[in-house]
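These notes concern the structure reproduced below.
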Amino acid sequence: MVEQEAGKRIYSWKRQWRIFRLLQLIALSLGFSLFAGAMLIYLFPLADWKTVVVIFLMVFVIFNLIYPFWKIDAPGISRYLDRKFPELEESTGILLRPVNELSLLERLQQQKVEVLLNQIQTPAAPLKKLGLSILFMIIGFGLSFFISYLKPLGYAIEAHSSKYRTNIVKERIPPQIASFSLNINPPSYTGLPERKQEQFSVKAATGSLLKWEIRTNEPVKTLKLIFNDREMASLHSKDGKGLEWSFLKTIHQPGFYQVELDGKKSDLYQLELIPDLPVSIRITQPKPHTTIDFGQPQRLSLMLHLNDDYGIKDASISATMASGKGEGVSFTEKKLLFDKGFNNSKSMSLSKTIDLKSLGMKPGDELYFFVKALDNHGQASRSDVYFVSIVDTAELMSMAGMTNGINLVPEYFRSQRQIIMDTEKLLDEQPKITEESFKNRSNALGIDQRLLRLRYGKFLGEETETEIGADHDHDHEEGHEEGHAHEGEAHHEEKETKQTEKFGDVKAIMDSYSHKHDIAEDATFFEPELKAQLKAVLTEMWSSELQLRTYKTRNALPFEYKALRLLKDLQQKSRAYVAKTTVKVAQLKEEKRFSGELDKIGQPSQKNTFEPLDKKTALLKRALSALESRKMATVFKTEELSLLRETEKYMVVAASDNPAVFLPAFKGWRKLMTGSNSSEKEIEKVQAAIGKMIGQEQAVPQLPSAPPASNLYRKYFNALKKGEGANGL
Amino acid sequence: MDFKYLVIGLCLILGGFLLFKEWRRANKARRALRLLASSIAVICFALFIFPVTYQVERPERPHELNFLSTGAIKDTVKNLKGRLLTTDAGLFQSLKMPKLGLIADLPYFLKSEPEINHLNIYGYGLTTDELSALQGYQLNFHPSARPKGLISASWNPRLKSSETLSVQGIYNQEGDLPVKILLQGLGESLDSLTINAKGENTFSLKGRPKQTGRAVYHLIALQGKDTLAKEPVPVAVQPALPLKILLLAAHPDFEYKFLKNWLFEKQYPVIFRSRISKDKYSTDFLNTENINVNRINSTLLNKIDLLVIDEGELEALSAAELASIRTAVDSGLGLLLRITGVKATTAISRGFDRYESPELKNKTLTVQLPEQERLFGPLPFEQALFLRTATTDQPVLTEKTGKVLVSSRIHGMGKVTATVVPTTYNWLLNGQKEDYADFWSALLNRTARKAAATELWNIDPVIPVFRQRINITVDQDAAEKVPLIISNGLRLSPLQNIALPFQWQVSTWATKPGWNELNLNGKTAFFYVYREQDWKEQRNIAKLKATAAFVKGQKSTINPLETNILMKKQVSIWWFFFPFLLAVTFLWYETKML
């Protein structure tokens, strides 16, 4: 009784733990299979939720083999208890043995352990494990939901597959056909899976291999497929009895087709092809024209994005360098590769840094490059050409442009050049001279730069610094306090003396009270475009001055160079270059002018008549009104019918070129021609399609019409013209 | 009469018999009551058959008539005194008023009742034809509210190929929901417009019909998904007539070359002559026969419809040639001048005053048809030369800001147009074929010689309805000849207008809805007869206006005299039924209970 009691607890645990284990395994495998299934569906859109069940069963079996719940038995539990509870003194095993088999000592121990066993707590481990596995299941559940809501990849694939799935249309299938299937095997480069449909309308990638399998319910002698109304294909019966037929065809041309069973033609079925587009290249960086100024790193970072509908095979940069000038320009071509594998990805972003120096580019050279890409079907595409040029500082320093031709402001340009040269000299000498004198010289250069800027500012009619405050007395004081404005001071003093001299001069007095901003006369010297450029020059000069005066002499150089370059551009713009030539023009003899003999000059005359290649538009236009009159009547008139018959060839061409748009109308047209009752809507559909074929109507000049010219009107007109007056006077 | 006395006799016999039986009854109790009850029952029974009538006097208006036309509203007419009549069977059924009478024809009815001299008209009123029969009557018009929906529309029903169909009209918007108006035809929508504001909104829709021949377009008013109205817009399109054009160039240029080729591909007869040297020319005869064009004379000019010439070439022409051009333009030739210089160099071109404006420096030229929103594509050059229009000039094309680029004027029977746009082929090079076509069509159509038609016909009403009378007016240039008019296979005999000898008029009936054939001197034309439900609101509005105008134009009204008339009235038979019932009940109850 007692030992039964003790064993009972162990046995009940055994049952309980087995159930726990089973639940735990179910939870685990459910969690795992949900997650795995969601991933599979996400990666391979062909998988569906049935796969989850399969995965679940598999995982469950595997888990059971690893952790078999049926192997949880009483001895195992007793071993576990012994390990877990030292107070049981490794003796729980005794409890499981029948009492009569035990020795006396064992019996004693059994009784002791039995008491202890009833005292110990129920081990929590199995319950904990169950809890954990349920948590795992919940996580798996959540993850699978999350994945199924995850769009990007899933969307792309969805879109792809839906693109190729013809929307389900109701088709009229000949009654002799018992069943049929259509296998579509897209070309390998698309990487699309083979698919099967039970619909005659096809939407597939260009070059797909189509396989029709048709089973008829009665023996048929001939079964043909007619493509685009001209290409006939006879099918071979597979079984020889005329019940099973199949046909293989690779399609390269869109259009429509019909099934002909013993001369009976079916409805028209659409054959739509999706062409493979070449890779689209989008360069986000740099801009089409890039100029690298002095001081800027001679590097070019290129960023682009490639897109293709099936896969990109390769892409590279084709760069051409132009170096030298004048007649000595030489070109070097180079192919730069991207350091990234392509492995047929559909869309990728690439970036590359091109080191211009390592390409061998010197200042003054130019680089032209474009990006070439190849898709996995072998179609190549290329981007626009981009230009990069490095400014040649030596060229800027040369006086070539200034020595010949008109020169508006030569000394000023030279000054900017001088400042650059001085700056470079100062930088060279920097180690040799003291900090103090370096700073002084740098500051002096800054002042020079400022002077130059002010002089250019004058061209723009800007108020010069010397004039600011000069016109106003109170500002005048402040001007004095500005220590660094040396020249300003000098000017003020001069002006003061002048003012005293010109005592009584009304204009001078007025000047001192008026605040002058722009000097209108100066401002009219240049065109707005030129002014804008001058302003840009001034901005560069400002920056240069700032750097020089804060003793960052080296930093000033790029600004100085840029200012010089802009000045040069400006200079070139205001001049038209005409090279000297040595052509000698013969003296005109005035008396001989217009006295040439013209008798040898022929009078050419051409005659031509325009023969329109086809009367398509005129015919279609007349067909439109023939269809319109059909709306009122139930049948066509004979001439209308013959007119509409003539439109057939155009309809066929349109339908085979663009089946998605014109095929439904062509079907409607066929129906109309057979004389069956068509609704007004159907006729309008055909009319709309013909309207599309005619295209946009354009205005045509034409003879204006006037009401009939009766004698009365003419008499009135003549009477008015003669000035006889309305009352006949 | 006889029946009446017979009944009275029978009732007397019955009464006598009953009274006799009562008298002889064994039970003598309540004999008097029973006798009374029996006689009451018999008297009441007799009065069932012949109810009591009496006469009363009432004021009436015997000379007045209330006439309800289409659109009359029950609330306004239900309390009307006097006679109520209508000719509209639909209205008669929908109003369900016992007083309302239905007549077939109002003038006929009035003839049969000559005492009526006053009419009150309710609803939308009457048509002009009906109103003309009411001359001399006193009329009062109580119009209903203006109808809603498409209350007016007009369009150009006879077009030449590529001409624009323009439908304009008024929509009377009622609800708050916006209404979309669509011009639809041949399975396509040509134009649409949304109306939001309440009240009467004008609309204008445009489109180029694509067909050659006849087609019925539709004007559709949509509110959400509900179709409020769908009215037919029948349009007949005829092929365009080609122009015969002579181009004279001082020197060949791209503008001439493109214009020439463009016209050539349209299969228009074009002669192009460009000067090589003094009296030496290069000539192209396109789609036409060779003729001598070295000298410009009136024989040559009479053969063509339009002369395009630049100022340089005009200067180089001899005085005799210029004179012949002048005469030809006077008698109808179109002259298109291409002007490039600011100074006029010839007498003919002097009429067009020009000026230079630097406003378009560094800008492209954008051309526009005046009073149209559509802008042409920009032309890539700086236009500095513009035309100053005189009072006799009409601007044909302007620059975006309104400066005139092409202007036209009448010269005798012909027209002279001057253009300062130096090149337009840029449009063709840019693929903007439509702009090029619109530009040159506007210029050439405006300028070219007008071809006088041999006959012109019009029909009245513009929207003829099935079974309506239609008047056809024909103008023809052949004098002394009766036009041959055959409508639907029936030869009609026209009447000559007394004042205008070239005008002939004829009346016929719209016997067939849809397209009707009209054969005019052997030429076939078509007109459309509408069904009765088409353009109903438009007709109602017309009636409303016509009736209001007719009533307003009448002399002052005299109030109709009220006269008293005697009327028979009947006493309700219920008054006799209850005494009868009481009497009979008493007789029965007395035998059973008492």
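The values are calculated or read from the model by the stated rules, or taken from the named source; none is laboratory data. All figures in this text were calculated on a predicted structure; none of them were measured in a lab. Because the Cβ atoms are built from the backbone with ideal geometry, glycine has one as well, and the counts that use them run over all protein chains shown.
Filtered by the rule that a residue be touching a Lys or Arg at 6+ places or on another chain (Cβ under 9 Å) and within 11 Å of another protein chain (Cβ to nearest Cβ), segment B:490-516 gives B:Pro513, B:Gly514, B:Trp515.
From the list A:Leu28, A:Leu95, the lone residue that is within 24 Å of A:Gly142 (Cα to Cα), touching a residue at least 40 places away in the same chain (Cβ under 8 Å), in contact with a helix residue (DSSP H, G or I) (Cβ under 7 Å, 6 or more places away or on another chain) and crowded, with 17+ Cβ neighbours inside 10 Å is A:Leu28. Taken as a whole, the structure leaves B:Phe20 outside the set of residues that are part of a helix (DSSP H, G or I), surrounded by 12 or more Cβ atoms within 10 Å (Cβ to Cβ) and among the aromatic types (Phe, Trp, Tyr). Only one of the numbered conditions (1) within 7 Å of chain B (Cβ to nearest Cβ); (2) more than 29 Å from B:Glu265 (Cα to Cα) is not met by A:Gln687, and that is (2).
The residues of segment B:205-217 that are among the basic types (Lys, Arg) and more than 10 Å from chain A (Cβ to nearest Cβ) amount to a single one, B:Lys206. Scanning segment A:534-562 for residues that are surrounded by 17 or more Cβ atoms within 10 Å (Cβ to Cβ) and either basic (Lys, Arg) or farther than 17 Å from A:Asp448 by Cβ (or both) yields A:Leu534, A:Arg549, A:Pro558, A:Lys562. For segment B:269-293: of the residues being outside any strand (DSSP E or B) and within 7 Å of chain A (Cβ to nearest Cβ), which is surrounded by the most Cβ atoms within 10 Å (Cβ to Cβ)? Out of the qualifying residues, it is B:Asn287.
Out of everything in segment B:122-145 that is within 23 Å of the chain's Cα centre (by Cα) and surrounded by fewer than 16 Cβ atoms within 10 Å (Cβ to Cβ), what residue ends up being farthest from the other protein chains (Cβ to nearest Cβ)? Across segment B:122-145, the extreme among qualifying residues is B:Ala145.
So that you can scan it fast, the table gives a plain yes or no per residue for (1) modelled with pLDDT under 90; (2) of a type in the set (Phe, Trp, Tyr); (3) closer than 21 Å to B:Leu190 by Cβ:
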| site | (1), (2), (3) |
| --- | --- |
| B:Val235 | no, no, yes |
| B:Leu241 | yes, no, no |
| B:Leu247 | no, no, no |
| B:Lys257 | no, no, no |
| B:Asn261 | no, no, no |
| B:Lys266 | yes, no, no |
| B:Ser282 | no, no, no |
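Applying the criterion of being assigned to a helix (DSSP H, G or I) and under 39 Å from the mean Cα position of the chain (by Cα) to the residues of segment B:241-264, the residue that is nearest to the other protein chains (Cβ to nearest Cβ) is B:Leu263. Checking A:Asp428, A:Asp475 one by one, the residue that is assigned to a helix (DSSP H, G or I), among the acidic types (Asp, Glu) and modelled with pLDDT of 55 or more is A:Asp428 and no other.
Selection over segment A:266-285 of residues that are in contact with a strand residue (DSSP E or B) (Cβ under 6 Å, 6 or more places away or on another chain) and surrounded by 14 or more Cβ atoms within 10 Å (Cβ to Cβ) gives a count of 12.
Search segment B:517-531 for residues being farther than 22 Å from B:Ile463 by Cα and not in a strand (DSSP E or B), and hand back the single one that is farthest from the other protein chains (Cβ to nearest Cβ). Here the residue is B:Gly522. Name the single residue, out of those in segment A:315-331 being farther than 14 Å from A:Phe370 by Cα and either under 18 Å from the mean Cα position of the chain (by Cα) or hydroxyl-bearing (Ser, Thr, Tyr) (or both), that is surrounded by the fewest Cβ atoms within 10 Å (Cβ to Cβ). So the residue we want is A:Ser330.
Each row is one residue, and each column tells you yes or no for (1) in contact (Cβ under 8 Å) with a residue 12 or more places away in the chain; (2) over 36 Å from the mean Cα position of the chain (by Cα); (3) at the interface with chain B (Cβ under 9 Å from one of its Cβ atoms); (4) over 29 Å from B:Asn261 (Cα atoms).
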position	(1), (2), (3), (4)
A:Lys621	yes, yes, yes, no
A:Ser629	no, yes, yes, yes
A:Ala655	yes, no, no, yes
A:Asn658	yes, no, no, yes
A:Val661	yes, no, no, yes
A:Leu672	yes, yes, no, yes
A:Lys681	no, yes, yes, yes
A:Gly691	yes, no, yes, no
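Residues that are farther than 27 Å from B:Gly332 by Cα, of a type in the set (Asp, Glu) and over 23 Å from the mean Cα position of the chain (by Cα) do not occur anywhere in segment B:516-525.
When residues in segment B:218-240 are screened for being under 24 Å from A:Pro704 (Cβ atoms) and either more than 12 Å from chain A (Cβ to nearest Cβ) or buried (at least 17 other Cβ atoms within 10 Å of the Cβ) (or both), 6 of them pass.
Residue pairs whose Cβ atoms lie under 6 Å apart, separated by 6 or more positions or on different chains, with the first residue in segment A:595-609 and at the interface with chain B (Cβ under 7 Å from one of its Cβ atoms) and the second of a type in the set (A, V, I, L, M, F, W, C), are A:Lys607/B:Phe285; A:Asn608/B:Leu286. Once segment B:440-489 is narrowed to residues that are among the charged types (D, E, K, R) and within 11 Å of chain A (Cβ to nearest Cβ), the residue that is farthest from the chain's Cα centre (by Cα) is B:Glu480. Among the conditions (1) loosely packed, with under 11 Cβ neighbours inside 10 Å; (2) part of a helix (DSSP H, G or I); (3) assigned by TED's automatic domain parsing to the domain that holds B:Glu113, B:Asn79 misses just one, which is (2). The set of residues from segment B:380-403 being aliphatic (A, V, I, L, M) and touching a Pro at 6+ places or on another chain (Cβ under 9 Å) comprises B:Ala384, B:Leu385, B:Leu387, B:Val396, B:Leu397.
Taken over segment B:160-179, the criterion of being more than 17 Å from the chain's Cα centre (by Cα), within 14 Å of chain A (Cβ to nearest Cβ) and surrounded by 18 or more Cβ atoms within 10 Å (Cβ to Cβ) is satisfied by B:Ser161, B:Ser162, B:Glu163. Taking into account only those residues within segment A:586-619 that are under 59 Å from the mean Cα position of the chain (by Cα) and hydrophobic (A, V, I, L, M, F, W, C), which is nearest to B:Pro269 (Cα to Cα)? Step by step, filter segment A:586-619, then rank; the result is A:Phe610.
For segment B:324-368, a residue qualifies if it is assigned to a helix (DSSP H, G or I) and out of contact with any helix residue (DSSP H, G or I) (no Cβ under 9 Å at 6 or more places or on another chain), and the qualifying residues are B:Arg350, B:Pro358, B:Glu359, B:Leu360.
Do the conditions hold for B:Ser349, that is, is it buried (at least 17 other Cβ atoms within 10 Å of the Cβ), touching a residue at least 24 places away in the same chain (Cβ under 8 Å) and among the hydroxyl-bearing types (Ser, Thr, Tyr)? In short, yes.
Determine, yes or no, whether A:Lys249 is assigned by TED's automatic domain parsing to the domain that holds A:Thr222, surrounded by fewer than 20 Cβ atoms within 10 Å (Cβ to Cβ) and free of Cβ contacts under 8 Å to residues at least 60 places away in the same chain. Give the derivation first.
Values: assigned by TED's automatic domain parsing to the domain that holds A:Thr222: yes; surrounded by fewer than 20 Cβ atoms within 10 Å (Cβ to Cβ): yes; free of Cβ contacts under 8 Å to residues at least 60 places away in the same chain: yes.
Against the criterion (assigned by TED's automatic domain parsing to the domain that holds A:Thr222, surrounded by fewer than 20 Cβ atoms within 10 Å (Cβ to Cβ) and free of Cβ contacts under 8 Å to residues at least 60 places away in the same chain), A:Lys249 qualifies.
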